[in-house]
Amino acid sequence: GRLRNINYFLDNYQTADVSDEIKNHYVGLARLYRAQFYMTMVQRYNNVPWYSHTVDPNDTAALYKPSDPRTLVVDSLMADLDFAATHVNESVPQGTPGLWAAKAYYARYALYEGTYRKYHPELNLAGTADTYLQIAKKQADDIITSGKFSLDPNFSDLFNSTDLSGNSEVILNQA
């Protein structure tokens, strides 16, 4: 259901009568959510079928298609994250992922995939691990050098506060 809703939006967003900047922001969010969905599936099952468009519920061939290779799925979700990290707005309502959250997810997932490939030689993908590790480094560097986040001097505030909106460590505040 969640993947179908995301793909349905991505198949139909062009009909909205808003600026390209607004469309790209929401497409970036949708692609971020699709990347999150697929990263969870890849972590859990490894190879999964990749669906980039809405599937008709009566299309049994598409619904029961075999898994796609991990490389195709990961490359596709990384393309989604790359789009999100360049198009999602920085200023968003509380609880909505903004630019820095998109970059944080991009860094996290690239780090996961890079280390997974490095330490699982049976996949024969170790030669591509460094590409993902470099993506993780770049995205993390962008967050660090933005100057918008820093370690809070009082670590316990992260656990003793009911409102983290003013905390300098928080990238995505989902209060």
Pairs returned, first residue in the stretch 85-105 that is of a type in the set (A, V, I, L, M), second residue that is open to solvent by less than 50 Å² (accessible area, probe 1.4 Å) and part of a loop (DSSP other than H, G, I, E, B), beta-carbon separation under 7 angstrom, 6 or more apart or interchain, are 88/97; 88/98; 92/98; 99/88; 101/172; 102/88
For a quick check of your reading: which helices (runs of 4 or more DSSP H) sit entirely within the stretch 71-175 and have at least 2 residues that are within 30 Å of residue 6 (Cα to Cα) and of a type in the set (D, E, K, R)? 99-119, 129-145
Exactly one condition in (1) aliphatic (A, V, I, L, M); (2) open to solvent by less than 50 Å² (accessible area, probe 1.4 Å); (3) within 27 Å of residue 27 (Cβ to Cβ); (4) free of Cβ contacts under 8 Å to residues at least 24 places away in the same chain is false for residue 164; which is it? (3)
Filter the stretch 97-130 for residues that are surrounded by 15 or more Cβ atoms within 10 Å (Cβ to Cβ) and polar (S, T, N, Q) and give the result. 128
Among residues of the stretch 1-54 being open to solvent by less than 50 Å² (accessible area, probe 1.4 Å) and either β-branched (Val, Ile, Thr) or on the phi > 0 side of the Ramachandran plot (or both), the residue modelled with the lowest pLDDT is 46
Applying the selection to the stretch 136-155, what residues are hydroxyl-bearing (Ser, Thr, Tyr) and open to solvent by 50 Å² or more (accessible area, probe 1.4 Å)? 145, 150
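The values are calculated or read from the model by the stated rules, or taken from the named source; none is laboratory data. Values in this document were obtained by computation on a predicted structure and should not be read as measured data. Counting neighbours? That spans all protein chains shown, and the Cβs are built from the backbone with ideal geometry, glycine included. What goes into the accessible areas is simple: the full protein's heavy atoms, side chains included, and nothing from ligands, DNA or RNA. Shrake-Rupley method; radii C 1.70, N 1.55, O 1.52, S 1.80 Å.
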